[in-house]
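Comments concern the structure below.
The values are calculated or read from the model by the stated rules, or taken from the named source; none is laboratory data. Predicted model only: the values in this text are computed from it and were never measured. For neighbour counting, all protein chains shown are included, and Cβ atoms are generated from backbone atoms with ideal geometry for every residue, glycine included.
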Amino acid sequence: MKLIDELVSASPSIAAIRRDIHAHPELCFEEMRTADVVAAQLAQWGIAVHRGMGTTGVVGIVKAGTSDRAIALRADMDALPMQEFNTFAHASQHAGKMHACGHDGHTAMLLAAAQHFSTQRNFDGTVYLIFQPAEEGGGGAREMIKDGLFQKFPVEAVFGMHNWPGSEVGHFAVSPGPVMASSNEFKITIRGKGGHAAMPHIALDPVPVACQMVQAFQTIISRNKKPIDAGVISVTMIHAGEATNVIPDSCELRGTVRTFSIEVLDMIEQRMGEIASHTAAAFGMECSFDFVRNYPPTINSAKEAEFARKVMASIVGEERVQDQEPTMGAEDFAYMLMAKPGCYAFIANGDGAHREMGHGGGPCMLHNPSYDFNDALIPLGATYWVRLTEAWLAPKGNG
C-alpha cells in the first residue's frame, strides 16, 4: 500500500481522538461534544470552521491556489441508541449509547486528512470537510442541505465512505449505480369488532385479515415487479389482543420496505395500499395505511465512482479494489447524491481481530454491541481522502 508517511506518523494521535469520541457517544442531533472536538481540532490546525448547519453539523473549509473549483468530503458523527458490550478502556461511558457503526472512525479518517491539508495543500481549489450529524435515522444530510449546505459551499461533487466489516483491511469497494437501498416504514391498522372468542360469528376478527395481508404483500415482490428489480417487504411487528378468549377490536401491522429505485418503491407503496384496503373490505372491515419514506436509495454517479476507483487502485492496487455488492441497508448520504454527483464507497474493517482485550463476545459487525472501529484504517482512509482531493483538484497541467 502507498500510504502517506505523514498520515502514518500522525495516526496514533488521531486514533486517540477517535477513542475519545467512542467513549462519549452522542445520538442524532445531540452531537454537541463531538462537534466541539471536531471544530477545536480544525481550528487548532488553522482550518476555517462553519458550525450549526443541520443543528450540530461542522464544515471545515480548506482553500489552495486560485481555482474556484471545489469538492466535498463527508463523515458522519452520531452514535446508536444501544448498549455496548465491550469493556476495554475506550468503551462507551454512557449507558444505552454506542458507536456501533464506526462513525467515530469515519470522523477520525476525515480529521486525519484535515490535519494533512493544513500543512500540505497540493491542490488548486477548495475542499469542504463535512462532519454530518444524525445519519442513524435523523436524516442529518437532508437537514444540512435544507440549511443551504450546497448553496453556501457549492461543489462539483461530494464523496463519502463507510467502513465494512468482514473484508480484509487494505481493500476498498466501489461501483456505479445503486449501492444502498431506500428505507421506508409502514403501519396498517385493521379495525374489526371485538367479541368472545367462543362466538366469532358475532364479531369481526381482524387477526385472520392481517394474516391474509402479510401473505398477499409477498405477491407484490414475486408478481408485480420485474424479477431483475430488487425489493423487500418485511412485516416485522403484529400487535393484537390482550386475552386468549377475546377477539380484539383491531390489529396493527408494521414493517419496512427496501428498494434500489424510486419507481419500484412507488409501485410497492401503491400496491400495498390497494391490497390492505381491499382485503379489509372483503372481510367487512376498514383499515388505515400509513407509509413513511425515510431515506432514498444511494446511487453513485458513474463518473465519480470510476474516478474514486482509480484513486483507490493507485493506493492499494487494482486487485484490492472490489465491486461494491449492493446492500439493502440504507444511508442518508443518498440525499447528498440527489443534490450533487458523487460516490459512496466502502473501506474494509477486517474480521474483528483488531479488538483489544475486553471486547464483547459477539462479532465485529455493524450495529453489534461488540463492534469497534479498526484504527488501522485511519492512515489508509485519510490517504484516500487526500489523494482523491489532489487528483480531482489537480493544478492545470498536473492531471
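Brief remarks follow.
- Residues in the range 255-286 that are of a type in the set (Val, Ile, Thr) and buried (at least 17 other Cβ atoms within 10 Å of the Cβ): Thr256, Val257, Thr259, Val264, Ile268, Ile275, Thr279.
- Near pairs, Cβ below 9 angstrom, 6+ apart or cross-chain, from the range 311-327 (part of a helix (DSSP H, G or I)) to any residue that is modelled with pLDDT under 95 and surrounded by fewer than 15 Cβ atoms within 10 Å (Cβ to Cβ): Ile315/Met1; Val316/Met1; Arg320/Met1
- Here is the figure for the range 346-373: residues that are of a type in the set (Gly, Ala, Ser), part of a loop (DSSP other than H, G, I, E, B) and within 13 Å of Asn163 (Cβ to Cβ) total 1.
- In the range 237-275, the residues that are of a type in the set (A, V, I, L, M) and in contact with a Gly (Cβ under 7 Å, 6 or more places away or on another chain): Met237, Val246, Ile247, Val264, Ile268
- Condition check for Asn163: more than 35 Å from the chain's Cα centre (by Cα), at pLDDT 95 or above and not charged (D, E, K, R): no
- Residue that is within 23 Å of the chain's Cα centre (by Cα), surrounded by 14 or more Cβ atoms within 10 Å (Cβ to Cβ) and modelled with pLDDT of 95 or more, where the choices are Pro248, Pro206, Pro178: Pro178
- Matching residues, the range 117-159, being among the polar types (S, T, N, Q) and either closer than 19 Å to Asn300 by Cα or within 13 Å of the chain's Cα centre (by Cα) (or both): Gln132
- Applying the set (1) of a type outside the set (Phe, Trp, Tyr); (2) touching a residue at least 24 places away in the same chain (Cβ under 8 Å); (3) surrounded by fewer than 18 Cβ atoms within 10 Å (Cβ to Cβ) to Arg33 leaves exactly one unmet item: (2).
- Residue match in the range 220-240 (condition: crowded, with 19+ Cβ neighbours inside 10 Å, outside any loop (DSSP other than H, G, I, E, B) and among the hydroxyl-bearing types (Ser, Thr, Tyr)): no
- Among the residues of the range 11-34, not one is assigned to a helix (DSSP H, G or I) and touching a strand residue (DSSP E or B) at 6+ places or on another chain (Cβ under 6 Å).
- Test: residue in the range 254-276 that is more than 30 Å from Glu136 (Cα to Cα), part of a helix (DSSP H, G or I) and in contact with a Phe, Trp or Tyr (Cβ under 7 Å, 6 or more places away or on another chain): yes
- Residue selected from the range 289-334 under the condition of a type in the set (Phe, Trp, Tyr) and either in contact with a strand residue (DSSP E or B) (Cβ under 7 Å, 6 or more places away or on another chain) or not assigned by TED's automatic domain parsing to the domain that holds Cys101 (or both), by the criterion surrounded by the fewest Cβ atoms within 10 Å (Cβ to Cβ): Phe291
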